[in-house]
There are 2 protein chains.
Amino acid sequence: MSSIPAQTASAITVPVPLGDRAYDILVGRGLIEAAGARIAALGARAAALVTDEHVGPLYAQALSRSLAANGLRTAVITLPPGEATKSYAGLERVCDAVLEAKIERGDLVVALGGGVIGDLAGFAAAVVRRGVRFVQVPTTLLSQVDSSVGGKTGINSRHGKNLVGAFHQPSLVLADTSLLDTLPAREMRAGYAEVAKYGLIDDARFFAWCEGNWTGIFDGGPERDEAVAQSCRAKAAVVVRDEHETGDRALLNLGHTFGHALERITRYDSTRLVHGEGVAIGLTLAFRFSAALGLCPLSDAERVEAHLKSVGLPTRLSHVPGGCGTVDELLDAMTQDKKVKGGSLTFILARGIGQSFIAPGVEAEKVRAFLTSEIDAT
Amino acid sequence: MSSIPAQTASAITVPVPLGDRAYDILVGRGLIEAAGARIAALGARAAALVTDEHVGPLYAQALSRSLAANGLRTAVITLPPGEATKSYAGLERVCDAVLEAKIERGDLVVALGGGVIGDLAGFAAAVVRRGVRFVQVPTTLLSQVDSSVGGKTGINSRHGKNLVGAFHQPSLVLADTSLLDTLPAREMRAGYAEVAKYGLIDDARFFAWCEGNWTGIFDGGPERDEAVAQSCRAKAAVVVRDEHETGDRALLNLGHTFGHALERITRYDSTRLVHGEGVAIGLTLAFRFSAALGLCPLSDAERVEAHLKSVGLPTRLSHVPGGCGTVDELLDAMTQDKKVKGGSLTFILARGIGQSFIAPGVEAEKVRAFLTSEIDAT
């Protein structure tokens, strides 16, 4: 917990200038204790606090007290942890509980948790009474730098992940970086893959800064707040350019075509591979594939891999516990991805660190050849 | 069925100028046979046609053939008829079927049916892949003049009707008025209550026109197309002023505070009361209440009632089959309504025909006194 008194907790403010849907992301230590005043300033009379059985016992009471102390009638809705909660049944449960809590159009849903809670609570907020406002209080590094920013909400369908949802921007994001002090090291590393990704997309200077400062991020120094804030700035800039993902926003998928395929092949079994680990391997492969296509110096791919390795992330197909499947299985898993159109594959490739671009129509045969050489190399 | 060849079916076009969500409502006889070309012009490659077991057997084949003939891959999704379909389970079923049909971001959901199908399919379209386009092909008078216009979509929760949903504007509305030739007389009358409502809200001239031309509307003369088109124009004008119902759009609820209470009291049992019948009684009561409050000439209230009676609609509490409950039950049912804020009631009242206004903060005691006198009078 932060040693800064709650009332004076300082924060870095990252504005997300989306017109009448503009909001601020606040990044800093100890924000949760002071959250009530900041959330109450949004002008609601009541809040439904959605959390899960892991996070709730740690922080829900402090947050709901802070809300109550600032005049907000508060109900706490606690869900089972894990991806299975992001379901139609989970949506029904949250919506009905939010209605039960008599949340009106001017009131709020507050998501306290990681990506599952943020995506589900945000979707419920998007559809209860055809839309109430919501606040994200992300409690993992991954959700602080990725899912809590940008307004993508949703649940999974039997046809795939995140296939049912809404674009619904939060009214405020409070990223309390002191919550990460108790985050398991593996989850911290996995979230870090997304931090590094922002540098790799279009900010070589930030990637270099990460190489030099990553221990401070993991140790909870001021570098952590700066890294979270910079990640949010980077994501916000992309989202502002392309809120509904009709173009540029796809750059955020750097490393994700390979990553999602590996998650699918490991059947989303988090004991084998979590999302950020898939992304770490995917980032390395995206650069190695770019190098194999002659687009990018191999030295850049090696630098990407070296850095991800140094923080303890997996980087190669051979690092997938239980194996990564055959080339055919990998290709199959890739072509099931949302980013595939008309049979050809869309990749995010790079001309170097910080120089990524959207490459539609990559021939499957080139992907096959690359994957074959990667598997043979192990 | 229309005698006009499908290819040349003429239509009245009602534009809904909502910026980048602008669309046209086409009103005319025989539109369904020519629907494929008009829907294909929206530029999709595939369409999921959502209908119910009543409407599907009558029109789904003709419509899906017309779509296929215009190059659209089409899947038909048929649901049980009735309000119970507008549920979380119904949403899951439609979303998964739309995904199963491989509907992508650029493709379409087409709603073929009354309000239940339009609301449910529209909501599914709003959330599948975080939003695909949809087309309304309303098959009842009520849905042609009300629910298919304006972008309100949703399902019911155990806490109330339409409490979960989205604002999602259609890309096109095709109101084929020849479909009403086979509509049961009771449903036709019920839909007509909403037509008359538009005159009562702010268009005394249209109400007078209705008084003189209603038989043509029921008989399927050119008056029907004009009445549907004028209703759509009226609703569109309100929606354009206040798309998300933060103000003026509440005028569309004229007659609905009383009407919804009666639907609730009759437990949404359509053998006793359907929505439009509740609205007819509600319109009469809204004018009689306005007269009782000294806001509106009693002669205007009498004129409203006389016209609704002449088309065969119920107009008084005593006309509710099985009874309307006690004054306390009616008040309870009213205060459960979404339009109640902070304990006081919001009504749409009138200073005369075509002169309605939003009246927030109507004292419950005045409502009680009015309802008591209405029940005593029976």
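Read the figures in this text as sums done on the coordinates, not as results from a lab. Computed from a prediction, not measured in an experiment: that's the story for all the values here. Every residue, glycine as well, gets a Cβ built from its backbone with ideal geometry; the counts of neighbours run over all protein chains shown.
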* Structure fact -> Honestly chain B on the Cα gyration tensor test (a ≥ b ≥ c root eigenvalues; a/c under 1.5 rounded, otherwise a/b vs b/c for prolate or oblate) is just prolate
* Hey, which of these cross-link pairs are over 23 Å Cα-Cα: B:LYS86/B:LYS152; B:LYS235/B:LYS366; A:LYS152/A:LYS235? -> B:LYS235/B:LYS366
* Every other copy gets compared here: list the nm distances from the B:GLY131 label point (7 Å along Cα to Cβ) to its counterparts, shortest first, one decimal. => 0.9
* To do: Rank A:SER171, A:LEU273, B:THR140 by how far each Cα sits towards the positive end of the charge dipole of the protein assembly as shown (+1 on Lys, Arg Cβ; -1 on Asp, Glu Cβ) and give me just the farthest.
  => A:SER171
* Under a 10 Å cutoff between Cα atoms, tell me which one of B:SER270, B:SER356, B:SER171 has the largest fluctuation in the Gaussian network model of chain B. => B:SER270
* Calculate the spin-label point distance for A:ALA89 paired with A:LEU295, positioning each point 7 Å from the Cα along the beta-carbon direction, and give it in nanometres. => 4.2 nm
* Counted charge near B:SER318, where neighbours are those whose Cβ lies closer than 12 Å (Asp, Glu -1; Lys, Arg +1) -> -1
* Could you tell me whether the stretch B:260-363 comes out rounded, prolate or oblate from its Cα gyration tensor? Rule is a ≥ b ≥ c as square roots of the eigenvalues, rounded for a/c under 1.5, then prolate if a/b exceeds b/c, otherwise oblate. => oblate
* Can you list, shortest first and in nm, the gaps between the label point of B:GLU363 and those of its counterparts in the other copies, using a point 7 Å from Cα in the C-beta direction? -> 8.3
* To do: Could you check what % of the DSSP bridge pairs in the protein assembly as shown are antiparallel, to the nearest 5?
  => 40 percent
* Where a ≥ b ≥ c are the square roots of the eigenvalues of the C-alpha gyration tensor, would you call the stretch A:135-284 rounded, which needs a/c under 1.5, or, failing that, prolate if a/b is larger than b/c, or oblate? -> rounded
* the stretch A:199-250 versus the stretch A:38-96: alpha-carbon centroid distance in Å -> 28 Å
* Based on the Cβ-Cβ distance of B:ILE358 and A:ASP332, what FRET efficiency does E = 1/(1 + (r/R0)^6) give at R0 = 56 Å, to the nearest 0.05? -> 0.45
* List the relative contact order of chain B as a percent without decimals, with contacts defined as Cα pairs under 8 Å and 6+ residues apart. => 13 percent
* Structure fact -> Quick calc, B:GLU302 & B:ALA208: beta-carbon distance into FRET formula, R0 22 Å, rounding 0.05, result 0.90
* **Estimated dipole of chain B in Debye, rounded to 20 [Cβ of Lys and Arg +1, of Asp and Glu -1, Cα centre]** => 740 debye
* To do: Only bridges with both residues in the stretch A:6-182 count here: give the DSSP antiparallel percent, nearest 5.
  => 30 percent
* To do: Give the span of the protein assembly as shown's Cα atoms along each principal axis, as three whole-Å numbers ordered largest to smallest.
  => 86, 64, 36
* To do: Taking each pair of different alpha-carbon atoms in the stretch B:23-177 once, compute 1/r for the pair, average those values, and report the inverse of that mean as the Kirkwood hydrodynamic radius in Å to one decimal.
  => 14.8 Å
* What nm value, rounded to one decimal, do you get for the distance between A:ARG186 and B:TYR268 when each label is placed 7 Å out toward the C-beta? -> 4.6 nm
* Axial C-alpha extent at least 15 Å, average Kyte-Doolittle at least 0.0 - helices from chain B (DSSP) -> B:88-100, B:115-127, B:204-219, B:275-292, B:364-377
* Structure fact -> Under a Gaussian network model of chain A whose springs join Cα atoms within less than 10 Å, the largest fluctuation of A:LEU183, A:LEU349, A:LEU200 belongs to A:LEU183
* Asked: Inter-copy label distances at A:THR215, 7 Å along the Cα→beta-carbon direction, one decimal in nm, shortest first?
  -> 9.5
* **Fraction of beta bridges assigned by DSSP in chain B that are antiparallel (%, nearest 5)** => 40 percent
* To do: Go ahead and run the numbers for FRET between B:ARG105 and A:ALA41, Cβ-Cβ distance against an R0 of 51 Å, rounding to 0.05.
  => 0.90
* Asked: What distance in nm separates the simple spin-label points at B:SER373 and A:ARG158, each placed 7 Å from Cα in the Cβ direction?
  -> 5.9 nm
* Asked: Rounded to the nearest 500, what is chain B's calculated 222 nm mean residue ellipticity when only DSSP H runs of at least 4 contribute -39500 (n - 2.57) each, over all residues?
  -> -13500 deg cm²/dmol
